[in-house]
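> My questions will all concern the structure given below.
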Amino acid sequence: MDDIVSLVRPEIYAMRPYSSARVEADQAVRIHLDANENPYPPYPGGSEQEGLNRYPEPQPPSLLRRFSEIYGLPVEQLFLSRGADEAIDLLVRAFCAAGRDAILITPPTFVMYETAAHIQGASVRQVPLLAGSYQLDTDAMLAACDADPGIKIVFVCSPNNPTANLMEHASVLRLAERLRGRAMVVVDELYLDYSGRPSLAGAIAEQPNLVVVRSLSKEYSLAGERCGITLAHPEVVGVLRRIMPPYPLTVTAIRAIGAAISPDGIAYGRRNIDRIVAERDRVREALAQLPTIVEVLPSDANFLLVRTEDPRRLCAALAAQGIRLRDRSGVIDGAVRLSIGTPEENDELLRALKLHG
């Protein structure tokens, strides 16, 4: 625990965290007169309106218990946030002092890590992924941390966005071991369920500076509800709860999440993941046959990264037909990222690409 305490900004422990009315309600409540809520329900214009005039639990116990069963960790090691983006932002706020500390990223990777650091006033150090394999350059990352003791968080995206590949677990664990007491290693596993590989969360017991961030957006079709799950040492979770907004999840989000992580919801999500993986492999094979596609990278995610000679022209041509792709040529030469849709959507994409060629 001391390894973590020494990394947290001291003013975080010195501050008095906001204590919401729901947090302070330690007994069963029949009449809520403690949070300045409107006692009347909202206008009956939508579905599931009941309870919307009341503030929700900041960290709903029912969801924490269910996630504890799913991930095999005690509730003290789980933190729920308004999407994974909020968790990333809170981690940077907790561990990086403005104008003094830094994060380390491995481009090309998810841009939110850098964005959160800039908002906090923290510096950004970069060690590019290895050319060709897009794996971690672990030696260079450790050397960067040795050269700059101000690096407090190392972000690893696995599977990586936009390259879609899973990082070698041994490399991540080596980072966590070598940086223990010096920096947190935050692993973004948002796309992990599409890889068929286990999570690194099981290593947290031995590596307390290891943090895993997950989400319900990709696997359980809840991008619109915004729910992130952070798996971490209890001390890290305690720090995040000190600085979290009063009510991260809405009432409707809590209901939707509860349904999604029920046994039936998990089975439904698993079936959809299997369908997407099958479509991913089918689309990858079809793309490899098209003359306009120079390369299709292997994928452990729900998207593919392809390289083409003129990505801007390709994206514009498909956008004119109502099909949006993501031009990533700014970070990887000639790259375009495309998400895997339904079989019908994927067929339409392939037809449009054939016509473009």
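Bear in mind these aren't lab numbers, they're just calculated from the coordinates by the rules spelled out. What you see is a predicted model, and the numbers here were worked out from it, not measured in a lab. Because the Cβ atoms are built from the backbone with ideal geometry, glycine has one as well, and the counts that use them run over all protein chains shown.
> If you take every residue apart from HIS233 with its C-beta less than 10 Å away from the C-beta of HIS233, what net charge results, scoring Lys and Arg +1 and Asp and Glu -1?
Values: positive: none; negative: ASP3, GLU76, GLU235.
Overall, the nearby charge balance is -3.
> Right, next: Net charge within 15 Å of ALA286 by Cβ-Cβ distance, Lys/Arg positive one each and Asp/Glu negative one each, not counting ALA286 itself? The partial results should precede the final answer.
Values: positive: ARG280, ARG282, ARG284, ARG351, LYS354; negative: GLU279, ASP281, GLU285, GLU295, GLU344, GLU345, ASP347, GLU348.
Charge balance in the 15 Å sphere: -3.
> Could you tell me which of rounded, prolate or oblate describes the chain, using a ≥ b ≥ c as the square roots of the eigenvalues of the alpha-carbon gyration tensor, with rounded for a/c under 1.5 and, failing that, prolate when a/b is larger than b/c and oblate otherwise?
On the way: a/c = 2.01, a/b = 1.24, b/c = 1.62.
Judged from the Cα gyration tensor, the chain comes out oblate (a/c at least 1.5, b/c at or above a/b).
> Now for a different question. Please report the antiparallel percentage of DSSP beta bridges with both residues in the stretch 2-261, rounded to the nearest 5.
Values: 8 of 24 bridges.
The antiparallel fraction comes to roughly 35 percent.
> Normalized C-alpha radius of gyration of the stretch 224-357, against 2.2 N^0.38 Å? If you can, show how the numbers build up before the last one.
Values: Rg = 19.3 Å, N = 134, 2.2 N^0.38 = 14.1 Å.
Against the compact-globule rule of thumb, the ratio is 1.37.
> I would also like to ask the following. For the stretch 191-269, which trypsin sites (Lys or Arg not before Pro) are both in a DSSP coil and crowded by at most 15 other Cβ atoms within 10 Å?
Loop-located and lightly packed - none at all.
> So what is the calculated 222 nm ellipticity per residue for the chain, using -39500 (n - 2.57) for each DSSP H run with n of 4 or more, over all residues, to the nearest 500 deg cm²/dmol?
Computed mean residue ellipticity for the chain: -11000 deg cm²/dmol.
> With no solvent and one point per C-alpha, what does the Debye sum give as log10 I(q)/I(0) for the stretch 92-141 at q = 0.25, 0.33 Å⁻¹?
Taken in order of the listed q values, log10 I(q)/I(0) reads -0.88, -1.17.
> Find, among the trypsin sites (Lys or Arg not before Pro) in the stretch 98-204, those assigned to loop by DSSP (not H, G, I, E, B) with at most 12 other beta-carbon atoms within 10 angstrom. Numbers along the way, then the final one.
Working: sites: ARG100, ARG125, LYS152, ARG174, ARG178, ARG180, ARG182; in loops: ARG100, ARG180, ARG182.
Of the trypsin sites (Lys or Arg not before Pro), the ones in loops of the stretch 98-204 whose Cβ has at most 12 other Cβ atoms within 10 Å are ARG100.
> Give the distance, in whole Å, between the Cα centre of the stretch 234-286 and the Cα centre of the stretch 145-194.
Going from one Cα centre to the other spans 21 Å.
> Under a Cβ-Cβ cut-off of 12 Å, what is the net charge of the residues other than LEU78 that fall near it, where Lys and Arg count +1 and Asp and Glu count -1? Each step should come with its number before you reach the end.
Numbers: positive: ARG65, ARG66, ARG214, ARG241; negative: GLU69, GLU76.
Around LEU78, the surrounding residues sum to +2.
> State, to one decimal in nm², a quarter of the convex hull surface area for the C-alpha atoms of the stretch 112-247, i.e. the direction-averaged projected area.
Average of the hull's projected areas for the stretch 112-247 equals 9.0 nm².
> Express in % the proportion of alpha carbon pairs of the stretch 168-284 at distances exceeding 23 Å.
Counting pairs separated by more than 23 Å, the tail of P(r) holds 42 percent.
> What does DSSP give for the stretch 98-232 in terms of the percent of beta bridges that are antiparallel, rounded to the nearest 5? If you can, show how the numbers build up before the last one.
Details: 4 of 20 bridges.
DSSP beta bridges in the stretch 98-232 are roughly 20 percent antiparallel.
> Can you divide the C-alpha Rg of the stretch 203-250 by 2.2 N^0.38 Å and report the result to two decimal places? Mind dumping the intermediate values first?
Numbers: Rg = 12.5 Å, N = 48, 2.2 N^0.38 = 9.6 Å.
It is 1.31.
> Related question: If only Cα atoms are counted, what is the Rg of the stretch 274-337, and what is its Dmax, in Å?
11.6, 32
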